[in-house]
Amino acid sequence: MALNLPQLRLFSTTMFTSALRSGPGLLFLISALLLALITASIVLKPLDIVMDEASLHGSSVDPKQAMSSLVSFSTPMVTWLLSDRGDAKAGEPSERATDAQAKRWSAYLMTDQPAPLSAVYLLMCFCLPFLIALGAFDQVSTDIQARRLRFLLPRCSRTTIYIGRACGMLLFIWAALAVVVAVIAVYFACNLSFYPPSQILAWSVRCYLMLLVAAVPSVAACSLISAGIASGFGSLALSNLAFAAVPLVPLIAGAVSGQHWVKAFYWLMPLPFQTQLFHFQPMHVLLAVLGCLAYALVYFAAGLWIFLRRDL
Amino acid sequence: MVPTDRPGGLIALSVINFVFCAIDGLVALVMLFMLLVLHLGHTMMVESDGRDAGPGAIVVDGGAVTASATASSTLSPGSSSAAPASMLDGTSTPSATTAATTAATATSPTSTTHVVISSSPGDGDDDNPFGGARHHRHRRPLLTPEQMAQARISYAVSTVSYLLCSALLLFSGIGYLRQMKVLGRYVGTIYAVVALVSLVAEHLTDVQILGGHLSHGLGIKTMIQGIYPVLTLILLNTVFKDDLAN
């Protein structure tokens with residue numbers, strides 16, 4: 001159970017470099033970049049269409065004005081997406097308070113901050129578990145399958161191996177996300193000249209920090225699955241299946257059976273409160289950060305418990 | 001050093017190389033076709049008359065057929081009409097031109113503008129064999145002779161660069177799989193440099209056709225086309241440097 005810090009650093013560094021050298025790490029990086037850029041282009045498409053229409057009819061439209069029109073058009077939809085009414089009925093005080101809160105929140109994301117950036121990072125936040133599963137599925141599973149870890153056991157503790165590899169993978173994911181956020185920021189800074197670059201930079205940094213926090217539970221969940229399954233492909237399949245099942249099963253089961261208790265399955269992942277990371281009130285953000293870290297701790301402890309007891 | 005264990009990243013890179021090689025090859029073929037069309041003396045013309053064209057109106061001119069999509073001033077998002085829109089106000093790109101040559105019509109409530117390919121510029125009067133009515137039409141070349149010459153150069157540069165990139169991607173992909181220093185690392189690096197240079201050249205040619213300004217800033221196509229060569233350049237010369245040693 002002893003934790004050796006030099007060995008921990010060595011395992012983390014080795015995992016970081018091998019993640020980049022391995023196919024899954026590269027796949028994660030390229031998939032994340034492509035997803036972010038495609039999302040960004042989809043978000044900017046309405047503005048392109050408006051500008052094209054204007055130039056077709058020989059009139060000129062101020063891009064800033066066009067963007068503000070699009071924002072005012074799409075804000076009610078964002079408000080609806082962000083409002084969590086729970087079981088409150090229409091007209092009840094709690095429902096009215098929730099609606100007001102959601103309106104203020106959507107105004108913060110769409111008006112106070114660059115709206116296209118907010119949209120891209122919110123969408124990325126939802127897609128992040130699937131992307132992370134592509135890159136972080138194989139932390140120990142292939143080595144367990146090939147029985148390579150037994151050569152390390154006389155010199156290192158199991159705890160050091162498990163924590164070192166998980167930390168290395170987390171660092172790799174964070175570095176890759178930094179590249180993705182930088183590319184997105186450059187793309188928007190070049191295309192949306194009416195937003196000051198300082199505003200784009202500040203909001204990108206804030207969203208990057210939130211994405212870092214959102215990534216931790218997914219990496220910990222991948223560690224847990226990787227420790228439990230002695231097969232790289234099995235780990236990949238189960239990780240993606242689990243990340244897809246948590247939001248979809250309660251949705252489908254709830255629609256089919258009409259039972260409200262199935263919504264409890266949402267709480268297997270930090271999905272119900274993950275969007276609060278982008279909230280305008282610092283207390284909401286702090287609670288969401290603590291919630292994500294708590295989930296990560298639970299997954300991580302469960303994975304370590306399995307890894308300490310399994311046959312290597 | 002003779003590496004025995006092939007990193008998974010190299011396999012992933014070679015698979016991506018082969019996919020991009022196929023895509024670049026197809027794009028080069030399309031570019032070659034466009035170059036052939038321009039070389040054979042076909043001229044893209046803009047036709048306009050003084051009345052509305054109904055939905056589905058067809059203009060036949062020199063063997064080329066264009067169909068008008070709609071008579072109203074509203075164009076559907078994502079329709080092919082968006083391509084000539086950029087061409088008519090002088091913001092054409094090679095891809096927009098490609099889209100425009102297939103079928104394109106820009107309409108306004110009072111007049112109709114058709115973009116067609118014809119063998120000769122024509123004199124301005126034309127019969128509509130489907131409608132039977134004879135009406136006056138104003139025809140003018142979509143591109144001026146200078147722009148046409150520039151478009152030829154642009155297509156030629158694009159065709160050569162796409163063909164070159166396709167070949168380099170294929171050879172470097174093989175080099176990655178066999179972990180060869182020359183075919184893998186050097187050819188891969190050359191590909192990355194050629195792809196970045198051709199991207200810049202293509203961008204600059206577009207700027208000249210546009211008349212000195214960019215309408216849409218940095219496009220998604222440019223970003224995606226630029227990211228992979230940059231990644232290749234960095235990875236080959238840092239992470240996989242010692243793996244490509246055969």
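The single condition among (1) part of a helix (DSSP H, G or I); (2) closer than 29 Å to residue A:286 by Cβ; (3) among the hydroxyl-bearing types (Ser, Thr, Tyr) that residue A:187 does not meet is (2).
Can we say residue A:247 is crowded, with 19+ Cβ neighbours inside 10 Å, closer than 26 Å to residue A:101 by Cα and without any contact (Cβ under 8 Å) to a residue 60 or more places away in the chain? Taking the combined requirement at face value, the residue does not satisfy it. Being within 14 Å of another protein chain (Cβ to nearest Cβ), under 22 Å from the mean Cα position of the chain (by Cα) and over 26 Å from residue A:167 (Cβ atoms) is the requirement here; does residue A:265 meet it? No, not satisfied.
Based on what the data block shows, is residue A:304 in contact with a His (Cβ under 9 Å, 6 or more places away or on another chain) and in contact (Cβ under 8 Å) with a residue 60 or more places away in the chain? Spelling it out, it is not the case that residue A:304 is in contact with a His (Cβ under 9 Å, 6 or more places away or on another chain) and in contact (Cβ under 8 Å) with a residue 60 or more places away in the chain. The criterion of being buried (at least 18 other Cβ atoms within 10 Å of the Cβ), hydrophobic (A, V, I, L, M, F, W, C) and over 23 Å from residue A:174 (Cα atoms) does not hold for residue A:264.
Residues that are more than 9 Å from every other protein chain (Cβ to nearest Cβ) and surrounded by fewer than 16 Cβ atoms within 10 Å (Cβ to Cβ) were ranked within the stretch A:180-196; the one that is farthest from residue A:222 (Cα to Cα) is A:194. Of all residues in the stretch A:280-292, those being in contact with a helix residue (DSSP H, G or I) (Cβ under 6 Å, 6 or more places away or on another chain) and more than 14 Å from residue A:208 (Cα to Cα) number 5.
A single member of A:145, A:199 is of a type in the set (S, T, N, Q) and closer than 27 Å to residue A:2 by Cα, and it is A:145. For residues that are farther than 11 Å from residue A:4 by Cα and under 32 Å from the mean Cα position of the chain (by Cα), scanning just the stretch A:148-161, find the one that is surrounded by the fewest Cβ atoms within 10 Å (Cβ to Cβ). Filtering first and then ranking leaves A:148. For the stretch A:41-59, the candidate set comprises residues that are more than 17 Å from residue B:221 (Cα to Cα) and hydroxyl-bearing (Ser, Thr, Tyr); within that set, the residue that is nearest to the other protein chains (Cβ to nearest Cβ) is A:55.
For the stretch A:1-46, how many residues are aliphatic (A, V, I, L, M) and free of Cβ contacts under 8 Å to residues at least 60 places away in the same chain?
Just the residues of the stretch A:1-46 that are aliphatic (A, V, I, L, M), to begin with: A:1-3, A:5, A:8, A:10, A:15, A:19-20, A:26-27, A:29-30, A:32-38, A:40, A:42-44.
Applying the additional criterion that residues be free of Cβ contacts under 8 Å to residues at least 60 places away in the same chain yields A:5, A:26, A:30, A:34, A:38, A:42.
Result for the stretch A:1-46: 6.
FYI, it's all coordinate maths here, none of it is from the lab. Keep in mind it's a predicted model, so treat the numbers as computed, not measured. Note: ideal-geometry Cβ built from the backbone for every residue, glycine included; neighbour counts use all protein chains shown.
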